[in-house]
Amino acid sequence: MSFDAISADDFRLLVEASPAAVIAAGGDGVVQFVNAETEHMFGYRREELIGKSVDMLVPAPLRQGHAALRQGFLAKPSKRAMGAGRDLKATRRDGTEFPVEIGLTPIETAAGLVILATILDITVRREAEDALAARAAELEHVNERLAQFAFVASLDLQGPLRKIAAFSDLLEDAIASSNQEEMAYASQVMRASALDARKLVDDLLTYSSAIYGEQQLEILDLREEIQFTLADLAESIAETNAEINVEIPATTFIADRSQFARLMRNIVANAIKYRKPGQAAKVGIVAVLQDDEAIRLEIVDEGVGFEEEFAQTIFEPFTPHPGKARYPGTGIELAICKSIADRHGWPISVKSHPGEGAAFFFTIPTLFTIPTLGEE
């Protein structure tokens, strides 16, 4: 069947079946026809639109300006697209606004000029574009941080590498003179420097993996995972006589097991490291139910603490932190924690005052909480 054989009724059915809203209006802007998609898109019945001004579909603050635009279009009517690359919006019956693209086609009829408007709701496309733009901006920021981190790490690596080079010369001299004491000392320093360099490289790889690495998400038991973490730290806890108090309900959540373990291990190890001189570390790990769908995990210590101003930068790997010269470590551990929390969508923060310890907080969406024995 040729197109010429399609009747007016058949053509009307085609317009009714269009996935785009189709509105026909006169030169005065009064609606003469709408298809089914127009009703669905805008929430009006067609009898509520026909005979009314098309301006009612324009956001209220823009209606006066839209009337002027219609007059400008009538002065020189032509087929044109509107909204491409622009923030063009329409409004539904309930007052909500949504982004659209509109095609206008002027048609001369026996009854006068008719403007055919084809309207596409581009909400889904715009959300996808916004999500892609946000992801691109996030990746750009991450790349900048990684580039800066690599630069700072390379500078930090130069310290142990210089020591290795210098003490290798000392070792050669000691071997030549058969000085056992000097040989042992040079070997000890070179080994310690090599271990420092390896630790820095390991932390760099961990930091990069926390941002870019694939996640193996699974359902975990919060209480069990924390106990596993403390078991990993058992040697450090025993050596420092650290006191760890845990109050965790039996609740499940979704996370990458190895990354969650790294996050908890770094924070608890940080609390043990920054204990007050001459005192054993005291650390409390408490979970507070926020609602039926989230739990707030708090890791609180009684260590040396730090000035409140550092709470904004403590998670950054590129900013000097208090006590860095007095305490061992690469200073990257908390940056790794922040990256892991960000990847999981867990807000993380810290509060501290000098001499009063520090408290780390992050919120985890939970699947369900298991009542303990005796609870209803």
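The values are calculated or read from the model by the stated rules, or taken from the named source; none is laboratory data. Note that the structure is predicted; figures quoted are calculated from it, not measured. Every residue, glycine as well, gets a Cβ built from its backbone with ideal geometry; the counts of neighbours run over all protein chains shown.
Report yes if some residue within region 53-69 is surrounded by 14 or more Cβ atoms within 10 Å (Cβ to Cβ), in contact with a strand residue (DSSP E or B) (Cβ under 9 Å, 6 or more places away or on another chain), assigned by TED's automatic domain parsing to the domain that holds Ile23 and closer than 20 Å to Glu16 by Cβ; otherwise report no.
Yes: one or more hits.
So for region 310-324 (the condition being modelled with pLDDT of 80 or more and either surrounded by fewer than 20 Cβ atoms within 10 Å (Cβ to Cβ) or assigned by TED's automatic domain parsing to the domain that holds Val268 (or both)), does at least one residue qualify? Quick ask: steps written out before the conclusion?
In the first step, residues of region 310-324 are kept if they are modelled with pLDDT of 80 or more; the result is 314-315.
Subset that is either surrounded by fewer than 20 Cβ atoms within 10 Å (Cβ to Cβ) or assigned by TED's automatic domain parsing to the domain that holds Val268 (or both): 314-315.
Looking through region 310-324, at least one residue is modelled with pLDDT of 80 or more and either surrounded by fewer than 20 Cβ atoms within 10 Å (Cβ to Cβ) or assigned by TED's automatic domain parsing to the domain that holds Val268 (or both).
Regarding region 56-71, can at least one residue be identified that is part of a loop (DSSP other than H, G, I, E, B) and either in contact with a Leu (Cβ under 8 Å, 6 or more places away or on another chain) or not β-branched (Val, Ile, Thr) (or both)?
So the first thing to find is which residues in region 56-71 are part of a loop (DSSP other than H, G, I, E, B), and the list is 58-59.
Those still in the list that are either in contact with a Leu (Cβ under 8 Å, 6 or more places away or on another chain) or not β-branched (Val, Ile, Thr) (or both) too: 59.
Scanning region 56-71, I find at least one residue that is part of a loop (DSSP other than H, G, I, E, B) and either in contact with a Leu (Cβ under 8 Å, 6 or more places away or on another chain) or not β-branched (Val, Ile, Thr) (or both), so the answer is yes.
Here are some residues: Ala341, Ala359, Ala335. Which one is part of a helix (DSSP H, G or I), modelled with pLDDT of 90 or more and surrounded by 16 or more Cβ atoms within 10 Å (Cβ to Cβ)?
One residue alone meets the criteria, Ala341.
Looking at region 174-257, what helices (runs of 4 or more DSSP H) fall wholly within it and have at least 1 residues that are in contact (Cβ under 8 Å) with a residue 60 or more places away in the chain?
180-212, 222-232
Which ones in region 162-186 are exposed (fewer than 15 other Cβ atoms within 10 Å of the Cβ) and within 27 Å of Lys199 (Cβ to Cβ)?
If the condition is that a residue be exposed (fewer than 15 other Cβ atoms within 10 Å of the Cβ) and within 27 Å of Lys199 (Cβ to Cβ), then Arg162, Ala165, Ala166, Ser168, Asp169, Glu172, Ala184 are the ones that fit.
Show the residue pairs that are 6+ apart or on different chains and have beta-carbon atoms under 7 Å apart, the first residue being within region 109-127 and under 14 Å from Pro77 (Cα atoms) and without any contact (Cβ under 8 Å) to a residue 40 or more places away in the chain, the second being surrounded by fewer than 16 Cβ atoms within 10 Å (Cβ to Cβ) and not polar (S, T, N, Q).
none
Within region 218-235, can one find any residue that is in the same structural domain as Val300 (by TED's automatic domain parsing) and among the hydroxyl-bearing types (Ser, Thr, Tyr)?
Yes - at least one qualifying residue is present in region 218-235.
Within the bounds of region 188-210, is there any residue that is more than 25 Å from Ala335 (Cα to Cα) and loosely packed, with under 15 Cβ neighbours inside 10 Å? Explain how you work it out, then say what you get.
Of all residues in region 188-210, those more than 25 Å from Ala335 (Cα to Cα) come to 188-191.
Then keep just the ones that are loosely packed, with under 15 Cβ neighbours inside 10 Å; that gives 188, 191.
So far as region 188-210 goes, yes, one or more of its residues are more than 25 Å from Ala335 (Cα to Cα) and loosely packed, with under 15 Cβ neighbours inside 10 Å.
Select from region 130-161 the residues that are surrounded by fewer than 12 Cβ atoms within 10 Å (Cβ to Cβ) and at pLDDT 80 or above and list them in ascending order.
Those that are surrounded by fewer than 12 Cβ atoms within 10 Å (Cβ to Cβ) and at pLDDT 80 or above: Asp130, Ala131, Leu132, Ala133, Ala134, Arg135, Ala136, Ala137, Glu140.
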